[in-house]
Structures are given as structure tokens and as C-alpha cells.
Amino acid sequence: MIDPYQCLRRRNCHAVDTHFGARAMFKEFLVPLLMGDIPSPVLQTACAMAKAWRGRVVALVGVSQVAPIPEAWEYYPAGVYESMRECALATVESMAEAADARLRYDEVPYEIRRSESFWLTPSEITVEHARYADVTVLGMGANERDARHRVFAAVAAGSGRPVLCVPAFKALPTNFGHAVVAWKASREAARALRDALPWLVRMRSVDLLSVDETSSIAYPLDAFLPSYLERHGVQVKWVRRSAAHTNVGRAIVDHASEYHAELIVAGAYSHSRLIEQILGGTTRHLSDHAPCPVLFSH
């Protein structure tokens with residue numbers, strides 16, 4: 001005899017699983033194009049992910065103008081700000097046309113979003129829009145490095161969304177091969193691990209990497225992690241490395257390079273200096289030297 005309550009429980013569990021799966025997918029990939037360039041690896045990565053998750057790419061174009069101090073506005077000739085706005089609009093339209101020409105042939109849904117927040121910094125513009133996307137995809141090229149760091153730090157700390165940093169020389173492969181999760185018992189690492197689950201369930205193999213800075217003794221609660229991930233469909237291998245003669249960021253990069261990782265997952269750490277978010281040493285090292293894209297969460 002079939003137990004009707006058991007059937008109901010199964011239907012409810014299936015509904016919860018289906019709802020969770022829908023929430024866990026990534027559908028909106030924001031690509032800020034505010035530095036005057038259209039980095040190919042970044043767009044390749046965003047388009048590959050949009051295809052994998054049947055989502056879309058949002059290319060954000062805009063310019064940031066240097067605003068005179070408000071107290072001095074009344075002393076500027078009439079029409080100056082109107083002319084500056086017209087120039088900014090023309091520049092944004094030109095950037096939108098270039099982005100559209102680049103994305104038109106990628107066979108993925110996309111939107112060209114124009115920002116008219118001309119009096120905000122690139123970081124402030126990006127954070128505003130990142131809150132309405134699932135993932136922000138940033139290029140970490142050698143040019144304009146300080147400006148790119150500021151955008152990354154602001155989005156990681158202020159958007160509430162994960163950030164995928166893509167090296168200038170390597171896009172995210174589409175075959176979902178090997179991933180390295182940089183783990184430590186911290187809020188940032190736990191958030192990054194949770195945000196990365198939709199990626200990790202697709203990866204062929206996953207290393208759970210713990211870098212020992214001062215002690216080789218494992219944190220006792222870490223023993224729960226493999227079974228937690230297994231229930232989400234992720235099989236992991238524990239790896240421990242020492243940072244006795246190096247730094248944590250370099251140890252993570254060395255391991256990812258040695259095992260040909262195609263994705264690194266890490267918490268984004270920062271140090272507060274007044275109201276400016278400064279990247280921590282490990283986070284900066286990964287963003288500058290990682291051999292593959294890095295998914296950060298703060």
C-alpha cells in the first residue's frame with residue numbers, strides 16, 4: 001500500500017530541490033567595459049558561461065567625467081555642463097556600437113547597457129549595476145592595473161555578488177575541467193565556496209586546498225566539508241600545502257599551475273583604510289598572478 005504522506009513528502013522535497021536548482025543557476029553575466037577597451041578573454045569567458053547556463057551577457061558601457069567641486073559650479077560659463085554631457089553621450093554611443101559589433105556573432109543573448117552616471121567613478125558605476133547581475137566578469141590586464149584593482153575591490157566588497165577575474169591571456173575553458181578551492185575557516189571562503197557550487201558540480205575534478213601558514217594542524221570542523229559538498233554532487237580531494245617558505249597567494253598559484261587548474265575559487269579579503277577597501281595580500285596576488293580565472297566572493 002502506498003503511503004500518501006510519503007508521496008507528499010517526496011513531492012515537496014522534489015519541489016525544494018527544483019527550486020534550489022533554479023536559484024543556483026547563473027543567468028546574468030555583467031561585463032563592465034569602462035576602461036576604453038574590449039578585452040577579448042573577458043567577453044569569451046562571459047559568452048561561454050552564458051551558453052553553458054543558457055543565460056545572457058550584459059555589456060556595461062559608460063564614461064566617468066572629472067566633476068569640478070560643487071561649490072565652484074556657479075562660476076563656470078553657461079553651457080559647459082551641457083557640452084560635457086553631449087560629449088559623454090557621444091562617447092558612450094561609440095562604445096556601445098563597438099561592443100555590439102564584438103558580441104553580435106557570439107550566438108549568445110546579450111544586452112548593451114548604457115550608463116549615464118557620468119559623475120560617478122568607474123567603481124561606483126560598476127557596483128550599481130553588479131547588484132542586478134549574478135556574476136561580474138572583470139579583466140585583470142597589465143594596463144590600468146591600479147584602476148582595475150579599485151573596480152574589483154569595490155565590486156567584491158559592495159555588490160553582494162561573486163566576481164570572476166579573468167587574466168589577460170586566458171579565458172575560462174568551456175569543458176569544466178579541474179578546479180581548485182582555496183579554503184580556510186573564514187566567512188569569505190565559506191561564501192566563495194557556496195557561490196561556486198553551480199560551477200563545482202560541473203567540474204571534472206575539484207581540489208579543496210588548505211594552505212598552512214603557521215601550523216599543520218587541521219581545523220576540526222573542516223572534516224564536515226567533503227560530506228557537505230558530496231551532498232551537493234561535488235567530489236573533492238583534500239590537499240594541504242605549507243606556506244612556511246612562501247606566501248599563501250603564491251602557494252595557491254603554484255598548486256593551480258602544477259595541476260593545470262581551469263578555475264580557482266577564493267574568498268576576497270580586504271583591509272579597511274578609512275572608507276577605501278584595499279585588497280589583502282593573498283587576494284591581490286591571486287588577481288595579478290593566477291594562471292586561470294578566479295571566482296572571488298566577499
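The values are calculated or read from the model by the stated rules, or taken from the named source; none is laboratory data. A quick note: this is a predicted structure, and the numbers were derived from the prediction, not measured. The area values use the complete protein model at the heavy-atom level, side chains included, leaving out ligands, DNA and RNA. Shrake-Rupley method; radii C 1.70, N 1.55, O 1.52, S 1.80 Å.
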* Stretch Lys237-Asp212 to full length: gain in nm at 0.36 nm per residue minus the Cα-Cα span? -> 7.4 nm
* **Largest to smallest principal axis extent of the C-alpha atoms in the stretch 94-250, angstrom** => 56, 33, 27
* **Accessible surface of the stretch 191-246 [probe 1.4 Å, protein heavy atoms]: carbon and sulfur percent** => 53
* For the stretch 78-217, report the accessible area per residue in Å² (1.4 Å probe, heavy atoms, rounded to an integer). => 48
